[in-house]
1. Between B and A, buried accessible area summed over both sides at probe 1.4 Å, in Å² to the nearest 100?
2. Show B:D107, A:D56, B:D168 ordered by accessible area, largest first, where the area counts protein heavy atoms only and the probe is 1.4 Å.
3. Report the dimensions of segment A:70-135 along its three principal axes from the alpha-carbon atoms, largest first, rounded to Å.
4. For B:92-102, what's the mean count of beta carbons from other chains sitting within 10 Å of each residue's beta carbon?
5. Pop a pseudo-label 7 angstrom from the Cα along the beta-carbon direction at both B:L108 and A:L227 and give the gap in nm to one decimal.
6. What is the average number of partner chain Cβ atoms found within 10 Å of a Cβ in A:168-179?
7. Taking H as built 1.01 Å from N, whose amide H comes closer than 5 Å to the amide H of B:R206, not counting residues under 5 places away?
8. Using R₀ = 56 Å, calculate the FRET efficiency as 1/(1 + (r/R₀)^6) where r is the Cβ-Cβ separation of A:S164 and B:A165; round to 0.05.
Amino acid sequence: MLALPVNLRLLRRSDFGVIAERAGLQALPLVLVLGFLIGMILAFQSAVPMRQFGADLYVADLVTIALCRELGPLLVAVILAGRTGSAYAAELGTMQVNDEISALVTMGINPTTMLVLPRIAAAMMVMPALTVAMDAAGLTGMASVLAAFGYPFSAIKAHITILSAPGDFLQGLLKGVVFAAAVALIGCRAGLTASGGPRAVGQAATAAVVGGIVATVLLDGLFAVILYRLHL
Amino acid sequence: MSALIQVREATQVFGTRTIFRDVSFGIDQGEVFVILGGSGCGKSTLLKQMIGLLPPTAGEITVASYSVNTQVEEVRRHIGVMFQSGALFGSMNLQENVSLPLAVFTDLPKEACAEIARLKLGLVGLTEAASRLPSEISGGMVKRAAIARALALDPPILMLDEPSAGLDPVTSAGLDRLILGLRDSLGTTFVVVTHELASIMAIADRCAMLDAKAQGLIALGKPQDLKQTATDPTVRAFFHRETL
Ligand SMILES: Nc1ncnc2c1ncn2[C@@H]1O[C@H](COP(=O)(O)OP(=O)(O)OP(=O)(O)O)[C@@H](O)[C@H]1O
Ligand SMILES: [Mg+2]
């Protein structure tokens, strides 16, 4: 415990910046493209059956809720698991099999403080931004489909419910931050527990992706139950 | 007087595999103690036990009368380690690597740490490479930088895992001189894993030989004595460069 301030002194801002950039900025194009396409697909797939009831404008409500509350944070978490969770596992796993972690420990440095905390913090920090990007891209995709169906933009906008009641959107952001923490923690843990040569690094990366996605879905289910109980 | 490092019946079992059993020896202050043996006999494992990274399956190790099992923080304060892989931190250049233990354990200002780091890098002939990253230097240079990092705090005990592997004979001989120089000037105690017969003869006060088949210690003593009197065929083969 006494060693903590000393350790914190070693948290280097440049390292944190690099980690956050890799987890966030570099994922942005993928998030935007995926979000736009998912928004389009959702809108198109639901507009066709809804049209039979003359309710196709309500597609905007549907897609908004589905995206902001569920799919946005979920998809970003899956992307985070695939890109960042695996990278954390590979980085820390390489350090583990290369005895760098042991070297830190013998120097009295806590690997958790120096390596794990900044990574979890970076993931939690970029997650809301990526989720907003995913939501915005998805809604744009949805709007472009409805616009192609001939609805004026103002009518579509009136059905994007989060603009008047942002509850669903904020729920999504909150869930996303928790998913990000879980994905990052699982990735770091997989790396730190790697043992037995270079092959272990690959196995750690796989374990990080699988574990991150499973944890995200489980947490999502837990959120569904809790939020339902809280009547949110 | 009891030995500075005391290993008592140290045993290491991984799962069902016994690596070594009942290894015992003492190392005195100011001694250069060499651990040798074939690949996979557990030299690095024994070293990790001695710095408290790997709890022995059985047995006890004390360093400066602190138990490695229970007082590991005290033990580590006495020891500088060079791991077999070098274990330099990839995101830091050599000077930052060597400064790190100084930043952790001392209150020295940053410039002073950097100055000491450059000095230590100079000892291993790496002054020029101070600002390079570990990925930009050769394997032998990684080893030397790792030695410089182990030296950073002038610890009373230095543990070097194959410091001369991958070094040319001239650099390797320079390293031997460095070890003896530190021992003579600062009284540093060395535990060195090495296979270089010439180096062992030059620096070792005593050596311990581990063997994978015997799952333990097969020889302990002064290298000159072992060379002349050892009866164990593996030990003889090593010191006389014979094939078994
Ligand atoms: N964490 C571990 N889990 C399981 N087995 C291990 C572990 N670490 C080492 N071993 C096994 O213990 C044995 C001894 O390993 P060690 O690294 O100590 O050998 P060594 O004598 O240093 O060999 P070398 O000269 O090649 O460096 C090896 O067979 C290795 O496979
Ligand atoms: Mg070894």
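The values are calculated or read from the model by the stated rules, or taken from the named source; none is laboratory data. A quick note: this is a predicted structure, and the numbers were derived from the prediction, not measured. Cβ coordinates were reconstructed from backbone atoms using ideal geometry, including for glycine residues, and neighbour counts include every protein chain displayed. With ligands, DNA and RNA removed, areas are computed over all heavy atoms of the protein, side chains included. Shrake-Rupley method; radii C 1.70, N 1.55, O 1.52, S 1.80 Å.
1. Values: alone 11510 and 11900 Å², together 21800 Å².
Approximately 1600 Å² gets buried when B meets A.
2. On the way: B:D107 150, A:D56 10, B:D168 75 Å².
Solvent-accessible surface, decreasing: B:D107, B:D168, A:D56.
3. 46, 18, 14
4. Values: counts 2, 0, 0, 0, 1, 1, 0, 0, 6, 5, 0.
Across B:92-102, the average partner-chain Cβ count within 10 Å equals 1.
5. Those two pseudo-labels are separated by 5.4 nm.
6. Numbers: counts 0, 0, 0, 0, 0, 0, 0, 0, 0, 0, 0, 0.
Taking all residues of A:168-179 together, the mean is 0.
7. Residues meeting the amide H criterion: B:V32, B:V34.
8. Numbers: r = 69 Å, r/R0 = 1.24.
Here the calculated transfer efficiency is 0.20.
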